[in-house]
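Student: One structure coming up, written as structure tokens, with questions to follow.
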Amino acid sequence: MTLDDILTCLFPDGHDVKNDNGVVAGSATLRSGAEALVIGVADKTALGVDEAIRLSGHVLDSFAQGRGPILVLVDSDSQRMSKRDELLGLNEFLAHLAKSLIYADMHHQPTIGILYGHSAAGALLATGLATRVLVGVPGATPAVMDLPSMAKVTKLSMEALQEKAKSTPVFAPGLSNLVQMGAVHVTWNDAVSLAEQLDALLANMPDAHDRRDALGRERGGRLKAAEIAERVRDLALHSH
Amino acid sequence: MTAPFKHAAQFPEGRASTTSFNEASARTRVALLLDAGSFVEFIGPEQREVSPHLKVFDLPEQFNDGIVVGRGRLDGAPVFVAAQEGRFMGGAFGEVHGAKLIGLLRAAREMVSIPVLILFDTGGVRLQEANAGELAIAEIMRAMMEARMAGVKVVGLIGGRSGCYGGGGLIAGCCSALAVSEPGRIAVSGPEVIETNRGVEEFDSRDRALVWRTMGGKNRRLLGAADVFTDDTIQGFRDAALELLGLVGAFDLDKLKAEQVRLADRLRSFGTCEDAVDIWTAEGVAHAESIPDLPADQFISLANKIGRTSRDAR
Amino acid sequence: MEDFSFQHRARQRAGGTRQTAIIGVVASGNLEVLVERVLPDVECQLEIKTAAVGFGEVWNAVTADFVARYSPGGLKFSINDGGARPDTVSLRLAQAVRLIEEDGQ
């Protein structure tokens, strides 16, 4: 789906969302009457310092404007890989965007990530993975790292990696793997109105408690994470 | 089965001042950073909670999955500590490794009064468990911000051989404050990855001086991307941790807004600089090209004079 | 990866009161040794998982030599090896024994 497709499907009653060189921002009136802040990254644009600072600015501005919920539309590349971005401290810019979304989610409006295209690595961490609920649209292609790069780093062939990927969802790119891990809460049905599915989600939002590890355990993608975290938490609470 | 693994005091007095943080193991860093004999480990190696995913790749496991977490005392006051072993799988985040830190942060949120020290030493996500590692990092960021909003202080220490890369760099950006040494590096993409993707003209990964000017401790300190610079000793990091714990407060909207201003200002001031030397020159440093060779104590004075920190803006 | 398990009898119980100790790191050319005081006084066991395949005889010789020299009775050694040289293995085993023979918990 293109950005225009997604916007039309999500907001049939209209919106003023603009795409400025891959930085998406604007608002849309939902069926409930609430005015949502819509931000995101489009056209597989890399997320660098220039993009991140604008997106976090929109999030912070929305607090005073009382807009919400916050929808984060994602079709990005990975983080921008450049000398300049690292020189200027890209890690802080990406962390700040994530923090803005997390703060919004905890104090102002719930945040929903809508992954409709690509995303990877640091870009995914600062956008979709920093929301309360991450939704996948069929056709989305998230990755932590692409398989060819992974093959180079692990010194395995693509074929060997693909073979291993058949037996575990833990490393290979793909929406279904992230669903099984607990990262993506739900994949929408592209034969049904996205606006209706968004309304249904908003009417039934989980609370702000991060349960992705429990979800990963339920779905069989992560069998250790929730248990280990709970054991450490328990030991720490009872330590003296 | 779940009783913590207590560490006996193993080191003679004064070792912390003469032991390189960079060269020490995670275990040694913790033992020498904290008050002697005070550390109790949670899910230590004798629990054998190894990664379930390395067998698929025929790779060796480590009993603690490359991270030491637990509780100890710093100058008599309780602290939670997590220390990554940068030499095991590059200190990378896997499912179990990440979960140990998440549990610690969730406990810290409930206790509020016990700060968290994180000794970063990581290349980022462990590729063999990429999805689990990436998700663990996202959960760590969430848990850390929830803890900080409840009032917990989280201080990051960066000076290990793997640096603080990838998702580790994002987690570092969520801490209350950071201390860094000369060997420390903080970035998102590693030098080789930038070169592979964009070519050697964009970034020559074998130019060590370039790597350190761009991502290393001194640039981070001068930019205010890290708050304290220390020499590469465990004592130096201990002192830095104490200093920062005394300075930081809870996270709130004012800090978030101040950070937006701090980062936007940095972009405005230095966004067209070609190299770190240009940034330092713009900051008013005379002979900026000599910064890399400046000894720690002189560099610390210079950095403090320039005065960029993230105080109340991180 | 290859796994080995060796059982030995030791002349005497390893000294000290510590129940567990750990030394080393799993990395190329390195190994970690977890030692636990969990066996009868004159028994010793070594469980090895190694990334370097085909060195069974070397492991046998190195561990037998170690047991003869240090008499680590009562101790179980669990090793995760990233392909260390025999002298590094011997060093780590010696370090492990020295650690667990310290007084303390």
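Student: Kindly indicate whether residue B:87 is more than 8 Å from chain A (Cβ to nearest Cβ), in contact with a strand residue (DSSP E or B) (Cβ under 9 Å, 6 or more places away or on another chain) and of a type outside the set (A, V, I, L, M). Give the derivation first.
Tutor: Values: more than 8 Å from chain A (Cβ to nearest Cβ): yes; in contact with a strand residue (DSSP E or B) (Cβ under 9 Å, 6 or more places away or on another chain): no; of a type outside the set (A, V, I, L, M): yes.
No: the conditions fail for residue B:87.
Student: Regarding residue A:199, is this residue of a type in the set (Asp, Glu) and touching a residue at least 60 places away in the same chain (Cβ under 8 Å)?
Tutor: Judged against the criteria, residue A:199 is a match.
Student: Let me ask something else about it. Listed residues A:49, A:38; which is among the β-branched types (Val, Ile, Thr) and in contact with a His (Cβ under 8 Å, 6 or more places away or on another chain)?
Tutor: Exactly one residue qualifies, and that residue is A:38.
Student: Do the conditions hold for residue B:113, that is, is it hydroxyl-bearing (Ser, Thr, Tyr), farther than 22 Å from residue B:255 by Cα, touching a strand residue (DSSP E or B) at 6+ places or on another chain (Cβ under 9 Å) and not in a helix (DSSP H, G or I)?
Tutor: no
Student: Still on this model: Taking region A:124-136, which residues are β-branched (Val, Ile, Thr), assigned to a loop (DSSP other than H, G, I, E, B) and closer than 14 Å to residue A:182 by Cα?
Tutor: Listed by number, the list holds a single entry, A:131.
Student: With the structure loaded, tell me whether residue B:112 is farther than 19 Å from residue A:183 by Cα, surrounded by fewer than 24 Cβ atoms within 10 Å (Cβ to Cβ), within 9 Å of chain A (Cβ to nearest Cβ) and not aromatic (Phe, Trp, Tyr) or whether it fails that test.
Tutor: Criteria not met by residue B:112.
Student: Out of the residues in region A:76-116 that are of a type in the set (A, V, I, L, M) and part of a loop (DSSP other than H, G, I, E, B), state the one that is farthest from residue A:58 (Cα to Cα).
Tutor: Taking the candidates together, the pick is A:81.
For every residue, the table says whether it meets (1) free of Cβ contacts under 8 Å to residues at least 40 places away in the same chain; (2) outside any helix (DSSP H, G or I); (3) over 15 Å from residue B:220 (Cα atoms).
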| residue | (1), (2), (3) |
| --- | --- |
| B:269 | yes, no, yes |
| B:277 | no, no, no |
| B:297 | no, no, yes |
| B:304 | yes, no, no |
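Student: Spot the failing condition for residue B:77; the list is (1) more than 10 Å from chain A (Cβ to nearest Cβ); (2) within 18 Å of the chain's Cα centre (by Cα), and only one is missed.
Tutor: (2)
Student: Please specify each residue of region B:255-302 satisfying the condition of being of a type in the set (Ser, Thr, Tyr) and either away from chain A (no Cβ under 14 Å) or under 23 Å from the mean Cα position of the chain (by Cα) (or both).
Tutor: Within region B:255-302, B:290, B:301 qualify.
Student: Go through region B:209-254 residue by residue and tally those that are crowded, with 22+ Cβ neighbours inside 10 Å, more than 13 Å from chain A (Cβ to nearest Cβ) and charged (D, E, K, R).
Tutor: 1
Student: Read through the list (1) over 30 Å from residue B:205 (Cα atoms); (2) within 8 Å of chain B (Cβ to nearest Cβ); (3) in a loop (DSSP other than H, G, I, E, B), then give the number of the only condition that residue A:139 fails.
Tutor: Unmet for residue A:139, out of (1) over 30 Å from residue B:205 (Cα atoms); (2) within 8 Å of chain B (Cβ to nearest Cβ); (3) in a loop (DSSP other than H, G, I, E, B): (2).
Student: Quick check, is residue B:118 more than 18 Å from residue A:101 (Cα to Cα), in a strand (DSSP E or B) and more than 8 Å from chain A (Cβ to nearest Cβ)? Show your work before the answer.
Tutor: Values: more than 18 Å from residue A:101 (Cα to Cα): yes; in a strand (DSSP E or B): yes; more than 8 Å from chain A (Cβ to nearest Cβ): yes.
Criteria met by residue B:118.
Student: Continuing with this model, one more query. Tally time: how many residues in region C:60-105 are among the aromatic types (Phe, Trp, Tyr) and buried (at least 21 other Cβ atoms within 10 Å of the Cβ)? Before you say what the answer is, go through the steps one by one.
Tutor: First pass over region C:60-105, keeping only residues among the aromatic types (Phe, Trp, Tyr): C:66, C:70, C:77.
Going one step further and asking which of them are buried (at least 21 other Cβ atoms within 10 Å of the Cβ), we end up with C:66, C:77.
The qualifying residues number 2.
Student: Which is touching a helix residue (DSSP H, G or I) at 6+ places or on another chain (Cβ under 7 Å) and modelled with pLDDT of 95 or more, of B:248, B:228, B:261?
Tutor: Step by step, each of B:248, B:228, B:261 is checked, and only B:228 is touching a helix residue (DSSP H, G or I) at 6+ places or on another chain (Cβ under 7 Å) and modelled with pLDDT of 95 or more.
Student: Scan region A:18-41 and give yes if some residue there is in a helix (DSSP H, G or I), modelled with pLDDT of 95 or more, surrounded by 15 or more Cβ atoms within 10 Å (Cβ to Cβ) and out of contact with any Asp or Glu (no Cβ under 8 Å at 6 or more places or on another chain), otherwise no.
Tutor: Here is the first cut: in region A:18-41, the residues in a helix (DSSP H, G or I) are none.
No, region A:18-41 has no match at all.
Student: In region A:185-239, which residues are surrounded by fewer than 18 Cβ atoms within 10 Å (Cβ to Cβ) and of a type in the set (A, V, I, L, M)?
Tutor: Across region A:185-239, the qualifying residues are A:186, A:191, A:192, A:195, A:200, A:203, A:205, A:208, A:214, A:223, A:237.
Student: Please give the number of the condition residue A:208 fails out of (1) more than 9 Å from chain B (Cβ to nearest Cβ); (2) modelled with pLDDT of 95 or more.
Tutor: Only one criterion in (1) more than 9 Å from chain B (Cβ to nearest Cβ); (2) modelled with pLDDT of 95 or more is unmet by residue A:208, namely (1).
Student: What are the pairs with Cβ atoms under 7 angstrom where one residue, in region A:211-234, is within 8 Å of chain B (Cβ to nearest Cβ) and the other, located anywhere, is in a loop (DSSP other than H, G, I, E, B) and among the aliphatic types (A, V, I, L, M)? Sequence gap at least six, or different chains.
Tutor: Listed by first residue and then by second, the contacts come to A:212/A:183; A:228/B:43; A:231/B:43; A:232/B:43.
Student: Could you list, in sequence order, all residues of region B:46-66 that are closer than 14 Å to residue B:85 by Cα, buried (at least 23 other Cβ atoms within 10 Å of the Cβ) and at the interface with another protein chain (Cβ under 7 Å from one of its Cβ atoms)?
Tutor: B:61, B:62
The values are calculated or read from the model by the stated rules, or taken from the named source; none is laboratory data. Predicted, not measured: the structure shown is a model, and the values here were computed from it. Note that we place each Cβ from the backbone using ideal geometry, even for glycine, and neighbour counts take in every protein chain shown.
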